[in-house]
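Reading through the structure tokens given below for one structure.
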Amino acid sequence: MAERNLLPPLEILAQIILFAPREARRTCLLVSRLFHDLAIPMVFSRVTIHLGAWERWCYGVSHPAVGANFSKSFRTLADERGAITADILHRIMVDRGFAKAVRRLEILAFNYFDGQDSAFQLRCLSLALKNMYNLRSLVWYGGRPLPSPDIVNTLAEACLSLHEIALPCPALERLSLRNVKSLDSIVPSGTHMNLAGYRHDDIVERSTIDVPGDSLREICIPGSWADVISSNVLPALTCVELLFLPSRCLETLGSFLAQLSQLRSLTMDVGKGDVHSVLLLLASSRIHHPRLTSLCLLHPNDEDYEFTPEDLQVLPDILSNRCELRRLRLLYTFSWSHRDQFLGVLHTLKNVEVLELVLKHYRITRDLRVTRDVITSFAACLPSDLAALALTFNADIEPGSFEPIWSSCPQLEYFHVRSFAGLESVEDLVTGSRNLKVIGRNDRLHGVEYLGGNPVVSDHWPESTVMFRRAELYECPGWEWLTRHTSMSRS
């Protein structure tokens, strides 16, 4: 008791543990009963369980690298992780104090081996969820297996504090969580994948998704499901993503957008035959969304589209002088021959902090090279407070061409360049930079540190970080936003 009195108050001890490195928090579990009880909610607030081995899906059967031990098979790895998962779920089922600590649950479902194992694990997970009444976030990666109806029903009945749910698109089709009044975000968990992977095989035309309307703020669904969302829900939504938007939905898209009076972030995946129509709709609905801070226009990954002169005439009506806009992704191709039109629009977006553009027309320069002069004229139009930038080219890029960007954007921390032709090494790319934290080259991301004022590039990020992207791993949510619905190259 005397030693207990010498310790700081419990609130201060809890804060010390909270700000300690993750491994140090785990050590606190072994210090004493007091430290154990204080550390449990922090160490196990986020739990990840494995159903199978995600490396089997990522690398394929021929890849020899599995974890740290290259001699292990995928099956052995899946079995070892399955045993750990069983222990975690058993602890949650028998220890309500431990279950109470779990706020975020991530499931990596990539079981390519034994269907009976999956059935047993799903049942254990359903039983464990009944004790997880403090669960705030559930993210389900992969579809082997999909969450069972029993799991969805348990979420609706037991996890009434749930704020965020991310499931594979097929599992969202019949989602019914109307009883979960705290739910504010429903998204698919496949944002790390190419959209084309879902387009034909996994998406039904209609859905019976049933969600609460009181607290829902963010929703990401196939565009053909938009008409099943109650009109009472729409005015409260601040973040909307419409994927696989079919042509037949354009007739009602205008009225749908007009009802999103609180919209802050909009993402749409549009086929090349509908781009101009969607641009006209966005221009006409601008009056309804004066506080839009994020806009992303995606295209199916098996399609390519170049902005026409007619499209470029509409863009100013959508974008020019949007003072609130902070993030912009336009994944359709800009032709450098029309640079005056789109650079003029870009020059008016003074407050944009996160930007992605595609400049890959074959006539970008006469000799198919992106020169320093080209980048200099482009950099002069970039917002000075830009913090993250992604660019795609299809031409050779002259070495040292990106140095004008470092001068024009001194706050730039994230830079990712893709080129389908020649591109200098990642070490040469960062030459002259002063503030970068992450550099990307053709979908490989690297950390950047500065020693004596000179940039030093780390090895590329591990596959698990790229596969299962969390905003906290990227330091800035805008960095993760730049990679959504985009697959990154695999080792």
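Read through the list (1) assigned to a loop (DSSP other than H, G, I, E, B); (2) modelled with pLDDT of 65 or more; (3) within 26 Å of the chain's Cα centre (by Cα), then give the number of the only condition that Val66 fails.
Checking Val66 against (1) assigned to a loop (DSSP other than H, G, I, E, B); (2) modelled with pLDDT of 65 or more; (3) within 26 Å of the chain's Cα centre (by Cα), the one that fails is (2).
In segment 169-181, is there at least one residue being in contact with a Pro (Cβ under 8 Å, 6 or more places away or on another chain) and among the β-branched types (Val, Ile, Thr)?
Yes, segment 169-181 contains a residue that is in contact with a Pro (Cβ under 8 Å, 6 or more places away or on another chain) and among the β-branched types (Val, Ile, Thr).
In segment 136-146, what residues are within 17 Å of Ser182 (Cβ to Cβ) and either modelled with pLDDT of 95 or more or basic (Lys, Arg) (or both)?
Scanning segment 136-146 gives a single hit, Arg136.
Does at least one position in segment 275-291 carry a residue that is at negative phi, surrounded by 17 or more Cβ atoms within 10 Å (Cβ to Cβ), of a type outside the set (D, E, K, R) and at pLDDT below 90?
no
Could you count how many residues in segment 138-166 are assigned to a strand (DSSP E or B), hydrophobic (A, V, I, L, M, F, W, C) and within 15 Å of Leu125 (Cα to Cα)?
Looking only at segment 138-166, we keep the residues that are assigned to a strand (DSSP E or B), and these are 138-144, 164-166.
Then drop every residue that is not hydrophobic (A, V, I, L, M, F, W, C), which leaves 138-140, 165-166.
Narrowing further to those that are within 15 Å of Leu125 (Cα to Cα): 138-140.
Of the residues in segment 138-166, 3 are assigned to a strand (DSSP E or B), hydrophobic (A, V, I, L, M, F, W, C) and within 15 Å of Leu125 (Cα to Cα).
Residues that are touching a helix residue (DSSP H, G or I) at 6+ places or on another chain (Cβ under 7 Å), buried (at least 19 other Cβ atoms within 10 Å of the Cβ) and small (Gly, Ala, Ser): does segment 109-120 have at least one? Lay out the reasoning, then the answer.
Residues of segment 109-120 touching a helix residue (DSSP H, G or I) at 6+ places or on another chain (Cβ under 7 Å): 110-113, 117.
Retained after the next criterion (residues that are buried (at least 19 other Cβ atoms within 10 Å of the Cβ)): 110-111.
From the residues that got through so far, the ones that are small (Gly, Ala, Ser) too are none.
Checked against the condition, which is being touching a helix residue (DSSP H, G or I) at 6+ places or on another chain (Cβ under 7 Å), buried (at least 19 other Cβ atoms within 10 Å of the Cβ) and small (Gly, Ala, Ser), segment 109-120 yields no hits at all.
Answer with yes or no whether Ala390 is at pLDDT below 90 and at negative phi. Full working, then the answer.
Working: at pLDDT below 90: no; at negative phi: yes.
So Ala390 does not fit the description; no.
The values are calculated or read from the model by the stated rules, or taken from the named source; none is laboratory data. Quick caveat: nothing in here was measured; it's all calculated off a predicted structure. Don't worry about glycine lacking a Cβ; one is built from the backbone with ideal geometry, like all the others, and counts go over all protein chains shown.
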